[in-house]
1. Could you please find all residues in region 156-176 being under 17 Å from the mean Cα position of the chain (by Cα), modelled with pLDDT of 95 or more and not in a loop (DSSP other than H, G, I, E, B)?
2. Restricted to region 40-60, and to residues that are exposed (fewer than 11 other Cβ atoms within 10 Å of the Cβ) and under 21 Å from the mean Cα position of the chain (by Cα), which residue is farthest from residue 206 (Cα to Cα)?
3. Mind checking whether some residue in region 237-247 is within 21 Å of residue 186 (Cβ to Cβ), in contact with a helix residue (DSSP H, G or I) (Cβ under 6 Å, 6 or more places away or on another chain) and surrounded by 19 or more Cβ atoms within 10 Å (Cβ to Cβ)?
4. Can you tell me which of (1) buried (at least 21 other Cβ atoms within 10 Å of the Cβ); (2) at pLDDT below 90; (3) closer than 23 Å to residue 245 by Cβ is the one residue 150 doesn't meet?
5. State all residues of region 181-202 that are part of a helix (DSSP H, G or I) and either within 16 Å of residue 117 (Cβ to Cβ) or touching a strand residue (DSSP E or B) at 6+ places or on another chain (Cβ under 6 Å) (or both); if no residue qualifies, say none.
6. Is there a residue in region 78-87 that is part of a helix (DSSP H, G or I) and in contact with a strand residue (DSSP E or B) (Cβ under 9 Å, 6 or more places away or on another chain)?
7. Inspect all residues belonging to region 19-31 and state whether any of them is free of Cβ contacts under 8 Å to residues at least 40 places away in the same chain, surrounded by 10 or more Cβ atoms within 10 Å (Cβ to Cβ), under 23 Å from residue 234 (Cα atoms) and out of contact with any strand residue (DSSP E or B) (no Cβ under 7 Å at 6 or more places or on another chain).
8. With the structure loaded, tell me whether residue 70 is within 23 Å of residue 202 (Cα to Cα), in the same structural domain as residue 146 (by TED's automatic domain parsing) and assigned to a helix (DSSP H, G or I) or whether it fails that test.
């Protein structure tokens, strides 16, 4: 065989252990069925996750440092494009409807530390700050707000969050404190997604889109865990390419 797929999560009888060991010693690649499912689906099954898996979810310290340097360099290189575009967007938002150009909201970041996240305002302002899923506020989205949300242009002010060190260009999307407290009770290992900096875009965003309920949030966390487990330059490049496709075409934005 070129490879053997083995269910390493279940008890394997001795005769099958000897069979696998024999082929492994002969140079056959042994693939965990759990790892194969993760690679195919692009997410980690929370039902199969245990406390013993936490070691495998530890990101590389070297790449975390390199990632920070890449973030700063990327923001600097993109500034000549981002700043003029942001100025145009801010002007249109200001004239389209009353309210601040920026929407500022507290989110939970790395190590569960709160920070103020910036976005271009895409909705009619409302005094109620109760945490709500994205689809609950669709009636408040302005005409131009719908456009910038479709192409993710409302996220541009978060480049400032990246420079401040609150966020990375790529990582799990930061949530509101109210949602974090709720999901910690409903989704196993939820807080572990805060082991890395939150991002402007991320694997869950390009694979799934916005979460609109607890069940879709659970799936979002599974995508986040897959990203953390496989954190690397190549995965980040793939996310960037998928994000560029969304920005240019609106495809995949939900």
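The values are calculated or read from the model by the stated rules, or taken from the named source; none is laboratory data. Because the structure is predicted, anything quoted here is derived from the model rather than measured. Cβ: placed from backbone, ideal geometry, glycine included. Neighbour counts: every protein chain shown.
1. Correct list: 158, 159, 161, 162, 168, 169, 170.
2. Selected residue: 55.
3. No.
4. (1)
5. 193, 194
6. Here is the first cut: in region 78-87, the residues part of a helix (DSSP H, G or I) are 78-87.
Checking the rest, the ones that are also in contact with a strand residue (DSSP E or B) (Cβ under 9 Å, 6 or more places away or on another chain) come to 86.
Yes, region 78-87 contains a residue that is part of a helix (DSSP H, G or I) and in contact with a strand residue (DSSP E or B) (Cβ under 9 Å, 6 or more places away or on another chain).
7. Going residue by residue through region 19-31, those that are free of Cβ contacts under 8 Å to residues at least 40 places away in the same chain are 19-31.
This time we only want the ones that are surrounded by 10 or more Cβ atoms within 10 Å (Cβ to Cβ), so: 19-24, 28-31.
Among the residues that remain, those that are also under 23 Å from residue 234 (Cα atoms) are: 29, 31.
Remaining after also requiring out of contact with any strand residue (DSSP E or B) (no Cβ under 7 Å at 6 or more places or on another chain): none.
Within region 19-31 (the criterion being free of Cβ contacts under 8 Å to residues at least 40 places away in the same chain, surrounded by 10 or more Cβ atoms within 10 Å (Cβ to Cβ), under 23 Å from residue 234 (Cα atoms) and out of contact with any strand residue (DSSP E or B) (no Cβ under 7 Å at 6 or more places or on another chain)), the answer is no, since none of the residues qualifies.
8. Considered against the rule, which asks whether it is within 23 Å of residue 202 (Cα to Cα), in the same structural domain as residue 146 (by TED's automatic domain parsing) and assigned to a helix (DSSP H, G or I), residue 70 comes out as yes.
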